[in-house]
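What follows is one structure encoded as structure tokens, with my remarks underneath.
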Amino acid sequence: MRETSNPVFRSMPKQGGYAQFGTGMAGATQQMSQTYQADPAMLQYQQQQQVSRPLTIDDVVTKTGITLGVLSLSAIVSFFMVTSNQALAGPLAMIGALGGLALVLIGTFARKQDSKALVLSYAVLEGMFLGAISFVLTALTVGTSNAGSMIGQAVMGTFGVFGGMLVVYKTGAIRVTPKFTRMLVASMFGVLALMIGNLVLSLFGVGGGEGLGLRSGGTLSIVFSLVCIGIAAFSFLIDFDAADQLIRAGAPEKAAWGIALGLTVTLVWLYIEILRLLSYFQNE
């Protein structure tokens, strides 16, 4: 499988990583018999682990839908909590962001991204963050009465980009090649470095507390958000390819939770950047 720019997908087992991959069920069974023939109990346990329905596109759609549903519900609750008490915006955003990041890191480095509990917990925490940050970027920009319209535009834009890139991938208009992947990963590292640098400089009061000006709302901020949106959009192509490779390789159905987590991470990033962009235009 090609490497993906999404860290969640990068940590998922490659083809051959699951016991039932590679030579197929017959080859796997033969290999197990040779390995565990001296231990019938271990052989029986390993064979039981083999009984797992292969991953299908329906599994991916269902698990992703469930994850996004939980995230949306959590975001709505968080938004209205902040609406009734604006002092909750900071705590909810911080808890949600740090908690969600922690779960992604656990899933990535501990290879627990296939865990249903971890993925849904991430959805709840990230929903808390999105609800709070959506209030900050909308209600404090266009007012509470118009916040819903602005959020709706961001949601439509997010899924519009997602659907568009899915069509691009399915039609093969842009091929996912190793060179394409390397370029995209390099771009993501560059954007991440700029974000961190901007944050550090702003903490030291550089640029009047605006750092490099990447989030100040000016022309540079608009350009930076457009670049981030473009990178997030193209990263969907690599994520789709990674998911397709897992399905073709016969990964177990639980892998759908890991795919759902990876797609949700990208969708969240894309939504935030689109919402930021809309907020910049409101300030023009």
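The values are calculated or read from the model by the stated rules, or taken from the named source; none is laboratory data. None of these values were measured; they are calculated from a predicted model. FYI the Cβ positions are ideal-geometry reconstructions off the backbone, even for glycines, and counts take in every protein chain you see. Please note that ligands, DNA and RNA were not included when accessible areas were found on the heavy atoms of the full protein model with its side chains. Shrake-Rupley method; radii C 1.70, N 1.55, O 1.52, S 1.80 Å.
Spacing of the modelled spin labels on residue 111 and residue 194, each 7 Å from Cα toward Cβ, amounts to 3.5 nm. Counting only protein heavy atoms, what percent of the accessible surface of region 128-284 is carbon or sulfur at a 1.4 Å probe? It is 68 percent, rounded to a whole number. Coupling constants for region 61-69 follow from the phi torsions by the Karplus curve (6.51 cos²θ - 1.76 cosθ + 1.60, θ = phi - 60°), and in residue order they are 5, 5, 5, 5, x, 5, 4, 5, x Hz; glycine and proline get x. In a fully extended conformation the segment linking residue 86 and residue 153 would gain 21.8 nm over its present Cα-Cα distance, using 0.36 nm per residue.
Rolling a 1.4 Å probe across the protein heavy atoms gives region 57-210 an accessible surface of 54 Å² per residue. Overall shape of region 139-284 was characterised from the C-alpha gyration tensor. The equivalent ellipsoid obtained from it has semi-axes of 31, 19, 14 Å, in decreasing order. When only Cα pairs below 8 angstrom with a gap of at least 6 residues are kept, region 157-235 shows a relative contact order of 25 percent.
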